[in-house]
Amino acid sequence: MPSVVEARSLSLSYNKEHTVIEKANFNIRKGEFIFITGPSGSGKSTLLKSLYGGIKPDAGLLKVGELELKNATTSKLQELRTHLGIVFQDYKLVNEWTVAKNVALPLMIAGYSMDLQQTQVHRLLKHVKLENYANRYPYELSGGEQQRVGVARALAKNPMMILADEPTGNLDDYSSNVVWDLLENACVQLQTTVVVVTHKIPMAFSLPYRHLILENKGVYEVH
Amino acid sequence: MKSIKNHLMFILPLVAILLGIQFFLIFERLTDAYEEKLKNSYTMLAVSDKELTTKDFQAINANIASSVKVERNEILKEISVGQKPEDVEEILNALPNFYNIKLSKYLDTDGIEKLKKQLMVSGKIKKVETFEGSYSSNYKLFKFIKFILNLFILFMGLVSLFLVIKQMEVWGYIHKERMQVMEIFGAPLMLRSGILFRVAFFDAIISTFIIAGIFLFFSYYGVNVGGIDIVEQNSNLLFLPFDGAILFFSALLMVIISVYSVVSSSKEKDI
């Protein structure tokens, strides 16, 4: 399988002061489901953020798709992000927009027609079992429902990779299972690469996927 | 209601800034009109033993527009009452040439003094009377009032600018979340700031219409400002068609700077 992410001697820091990853080497293959785990403050979220260009590498090589992120221009990063789906622990939905408009955001950015947006949004909301919530606002939904909207938004443009930062961090067990199912389905059925950052190490290890553990500024693969 | 309040919070300072710009434009035009009026009604008197033409005067100073010789017989009539004919003849022979001099542009006190000096050192002129006192006193008062008003406009502009900055903070608060989420999903700057631009552009149009409407009204129906001739006689100068464009582009510039500042400060680094 070709790599979607390639990191060589990668160093990352947050606030340009605290180095969290130093000279790390790893890759993420196309279509795989991978967990990134580690203790608090180990740099999990920083690493995930670097994968969509939110943080630029201090040193080394970080390639996502065909794009080398260290020297990528703003327009190249914008282009990359239209091929990614991102899921946040706190959902990051726009509260003044309806559920349908939130899900349609990546389609709107890609310039899809209104008709096509509506069709796609309907299909996606049906997929996450929220078809009757299209005209509601995020603040009218429970946490689990909001995260399903977040997943639907991430899936909207059939992305090459989904990046999920603690996607079940704020959810109860039932809602967590629904979200895991949605992410696993995306990987299995759509061959989408799914990268999940979680601090729930036992849960991550209960699932049969690759694991990268961040510890002492290094990135280690655990089989 | 909240939306109207948000619009007003930007429209009011914008109106104040545009009001300042319009006042500035009006005072510049009124100053020109006043200088023109002063220039047209002003004449200085030069006395010379020789016969001089306008070109002779212009060779001394280019700001001289014309010179008209005062008929010596007219002067003689005034001063020869009760004189013997031979004495009148003698007076006529001794009488120099008097010239009324008009200027091509308004000169301030220093300019008039300089002109007087140039005429005197030319060797052709014996005496110059500038009637400077009445010429400059009203103008100095006008200039002082204009200076005070410009200071007031500047102060008003600064206060309004602070209100605009305050409103930018409110915009930042309202629109930050949406713009950051859009940026994460790869939306270009124009798409991220589109809503904010539409809101601010609408406010700019409303503000321009308010100011243009007020001054167009005064320009059309005249204005009564307690007998200040220079304003009442030139009410057509209160709003010229080009002013609308100046106001709109000023408002637009404010909008672009404000929105761009808000968008720039809403980068995703906080996420």
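Any read-out appearing in this document is the output of simple, stated calculations on the displayed coordinates, not a laboratory observation. Bear in mind the structure is a predicted one, so any value in this text is a computation, not a measurement. No Cβ is skipped: glycine too gets one built from the backbone with ideal geometry, and neighbour counts run over all protein chains shown.
Within region A:43-119, which GluC sites (Glu not before Pro) sit in a loop by DSSP and count at most 11 neighbouring Cβ atoms inside 10 Å? It would help to have the intermediate numbers written out before the result.
Numbers: sites: A:66, A:68, A:79, A:96; in loops: A:66, A:96.
Listed in order of number, the matching sites are A:66.
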In terms of the charge dipole of region B:43-130, which places +1 on Lys and Arg and -1 on Asp and Glu at the beta carbon, the residue among B:109, B:70, B:81 farthest towards the positive end is B:109
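Can you give the convex hull volume of the alpha carbon atoms of the protein assembly as shown per residue, in Å³? Write out the running numbers ahead of the final one.
Values: hull volume 110.4 nm³, N = 494.
Cα convex hull per residue, to the nearest whole number: 223 Å³.
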Here the net charge surrounding residue B:32, from other residues whose Cβ is less than 11 Å away from its Cβ (Lys, Arg +1; Asp, Glu -1), is +1
With a 21 Å threshold on alpha-carbon distance, the violating pairs from A:44/A:217; B:69/B:116; A:56/A:217; A:56/B:166; A:70/A:157 are A:56/B:166; A:70/A:157
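Nearest 500 deg cm²/dmol is fine: what mean residue ellipticity at 222 nm does chain A get from its DSSP H runs of n ≥ 4 alone, each adding -39,500 (n - 2.57), divided by its residue count?
Details: 7 runs with 77 residues, N = 223.
So the calculated ellipticity at 222 nm is -10500 deg cm²/dmol.
Only Cα pairs under 8 Å and at least 6 apart count here; give the relative contact order of chain B as a rounded whole percent. Please report the intermediate quantities before stating the final value.
Working: 281 pairs, mean separation 77.9, N = 271.
Relative CO of chain B lands at 29 percent.
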Whole-Hz Karplus couplings 3J(HN,Hα) for region B:107-124, θ = phi - 60° and coefficients 6.51, -1.76, 1.60, Gly and Pro as x, run 10, 7, 4, 4, x, 5, 4, 5, 4, 4, 4, 4, 5, 5, 7, 5, x, 9
Rounded to one decimal in nm, the spacing of the 7 Å Cα→Cβ label points at residue A:58 and residue A:181 is 4.4 nm
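Kyte-Doolittle cut-off 1.0, length cut-off 15 Å along the helix's own axis using Cα: show which whole DSSP H helices in chain A pass. Can you show the working numbers first?
Details: long enough: A:99-109 (16 Å, 1.55); A:114-127 (19 Å, -0.86); A:143-155 (18 Å, -0.38); A:173-190 (25 Å, 0.19).
What comes out of the filter, once short or polar helices are dropped, is A:99-109.
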Within the set B:94, B:251, B:200, GNM on chain B using Cα springs under 10 Å gives the largest fluctuation to B:94
In Å, the Kirkwood estimate of hydrodynamic radius for chain B over Cα pairs equals 23.8 Å
Honestly region B:43-130 on the Cα gyration tensor test (a ≥ b ≥ c root eigenvalues; a/c under 1.5 rounded, otherwise a/b vs b/c for prolate or oblate) is just prolate
Pseudo-spin-label distance residue A:66 to residue B:53, built 7 Å along Cα→Cβ, given in nm, is 8.3 nm
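Using the crude model of +1 on Lys and Arg Cβ and -1 on Asp and Glu Cβ, and no other charge, please compute the dipole size for chain B relative to its Cα centre, in debye to 20. Let's see the in-between values first.
Numbers: 29 positive and 28 negative charges, 191 e Å.
So the magnitude is around 920 debye.
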To the nearest 20 debye, region A:93-158 has a Cα-centred charge dipole, built from +1 on Lys and Arg Cβ and -1 on Asp and Glu Cβ, of 200 debye
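Over chain A, calculate the relative contact order: mean separation of alpha carbon pairs under 8 Å at least 6 apart, over the residue count, as a percent.
Details: 434 pairs, mean separation 64.4, N = 223.
Relative contact order for chain A comes out at 29 percent.
Count the DSSP beta bridges whose two residues both fall in chain A, then state the antiparallel fraction as a percent rounded to the nearest 5. Could you put the intermediate results ahead of the total?
Working: 20 of 37 bridges.
Close to 55 percent.
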